[in-house]
Amino acid sequence: MLHDGKSRALRIPLTHNAPGFPEGVRGPDLIARMTRHAVQYGAVIQETEVAAIEAVAGGFSLDLKDGSTRGSCAVVLATGVDLNQVDLPEAVHEAAIRAGVLRYCPVCDGYEHIGKRIGVIGCDTNGAAEALFLRGYSQNLTLMPLNRPELSSAEARAVADAGIRLESGALLALQPGADDITVLLDIGASLTFDVIYPALGCRPRSILAEQLGLDLTEAGCVTSGSVFESRVEGVFAAGDLVEGLDQISVAMGHGAVAATRAHNWLREQEQATLQSRT
Ligand SMILES: Cc1cc2nc3c(=O)[nH]c(=O)nc-3n(C[C@H](O)[C@H](O)[C@H](O)COP(=O)(O)OP(=O)(O)OC[C@H]3O[C@@H](n4cnc5c(N)ncnc54)[C@H](O)[C@@H]3O)c2cc1C
């Protein structure tokens, strides 16, 4: 298993929706446990960046950033996504995540903010969908544009009908505190929330998938069927890189399916090799 040390899960301060952890689990602790578990059963884990990958006779060749090359008979791509974030110095941004006043996954933790003051940044289809989802947990919801509102009239109506406040000013600055977070808008308004959800989408880390020629969605994710079988024989995909819900439990489920498909595919290849020899 090759990874470059940038799992999104490492940034989770405490999740309460990872199955089997009723008291919650910190992302780094979950990764440490999973690493120990995998190594205990024989996995070899190397921290390095894979710079390039190509299909070669009998499998795949991976160029690592340190200049070395590795061979592989089959590949499971689980390279994840990068978040589109609000503009804050990295240390301030990560401190706001740790304090829990800046959140990026309403499905993961929206229920932790029942009745709280919730702000959603990103006045487009994505932002409207997140605000409407969060409306199930609080009546105190405000939708703000990063730059300017880009809602269709139907979306604006749905937002208004749900009683969600719509701010028109663009975001000037964010000031995270220990228990709340203040937003300054260019219309002079200053609003304080218990939590802010930026709804700015993400950038799939799909460079290796592109190099292999996998089918990608418009957003750059690998298509969902690739968990079972991609258009490139011997390549499977899992996790956030695959279109759909970005969650630990989903990534684990994908991983189980993709690894089993890869295992069975390798056995089929071995069988074919044996038959061709007899
Ligand atoms: C702040 C935050 C809070 C979250 N809260 C929750 C939550 O409460 N519940 C929940 O279910 N989910 C939560 N998530 C989402 C969760 O982290 C992801 O769904 C999960 O980590 C997806 O697993 P993954 O393996 O697909 O991707 P990741 O965990 O992001 O792993 C991707 C891996 O690919 C590797 N990689 C990528 N490109 C290369 C390359 N070229 N060479 C080598 N390695 C590479 C990286 O090193 C990394 O190890 C949260 C995410 C964030 C950022």
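When the stretch 20-64 is examined, which residues are found to be out of contact with any Cys (no Cβ under 9 Å at 6 or more places or on another chain) and in contact (Cβ under 8 Å) with a residue 60 or more places away in the chain? Matches in the stretch 20-64: Leu30, Val50, Ala52, Ile53, Glu54, Ala55, Leu62, Leu64. Might you check whether a residue that is at pLDDT below 95, exposed (fewer than 13 other Cβ atoms within 10 Å of the Cβ) and not assigned by TED's automatic domain parsing to the domain that holds Asp246 occurs anywhere in the stretch 129-147? Yes, there is a match, as at least one residue in the stretch 129-147 is at pLDDT below 95, exposed (fewer than 13 other Cβ atoms within 10 Å of the Cβ) and not assigned by TED's automatic domain parsing to the domain that holds Asp246.
Applying a threshold of 6 Å to beta carbon distances and a minimum spacing of six or more residues, or different chains, the list of pairs starting in the stretch 105-121 at a residue that is closer than 21 Å to Leu151 by Cβ and ending at one that is in a helix (DSSP H, G or I) reads Pro106/Glu130; Pro106/Phe133; Pro106/Leu134; Gly110/Leu134; Ile118/Leu134; Val120/Gly127; Val120/Glu130; Val120/Ala131. Within the stretch 139-193, if we keep just the residues that are in contact with an Asp or Glu (Cβ under 9 Å, 6 or more places away or on another chain) and among the β-branched types (Val, Ile, Thr), the residue that is farthest from Arg103 (Cα to Cα) turns out to be Ile187. Close contacts from the stretch 73-87, counting a first residue that is closer than 18 Å to Leu146 by Cα and a second that is within 12 Å of the ligand (Cβ to nearest atom) and not in a strand (DSSP E or B), with Cβ to Cβ under 7 Å and a gap of 6+ residues or different chains, come to Leu83/Tyr104; Gln85/His93. At least 1 residues being of a type in the set (D, E, K, R) and either near the ligand (Cβ under 9 Å from one of its atoms) or under 25 Å from Pro106 (Cα atoms) (or both) is the threshold, and among the strands (runs of 3 or more DSSP E) wholly inside the stretch 1-92 those reaching it are 81-83. When Ala156, Ala95, Ala129 are checked against the criterion of being over 22 Å from the mean Cα position of the chain (by Cα) and not in a loop (DSSP other than H, G, I, E, B), Ala156 stands alone in meeting it.
The values are calculated or read from the model by the stated rules, or taken from the named source; none is laboratory data. Worth saying up front: this structure is predicted, and the values here are computed from it rather than measured. FYI the Cβ positions are ideal-geometry reconstructions off the backbone, even for glycines, and counts take in every protein chain you see.
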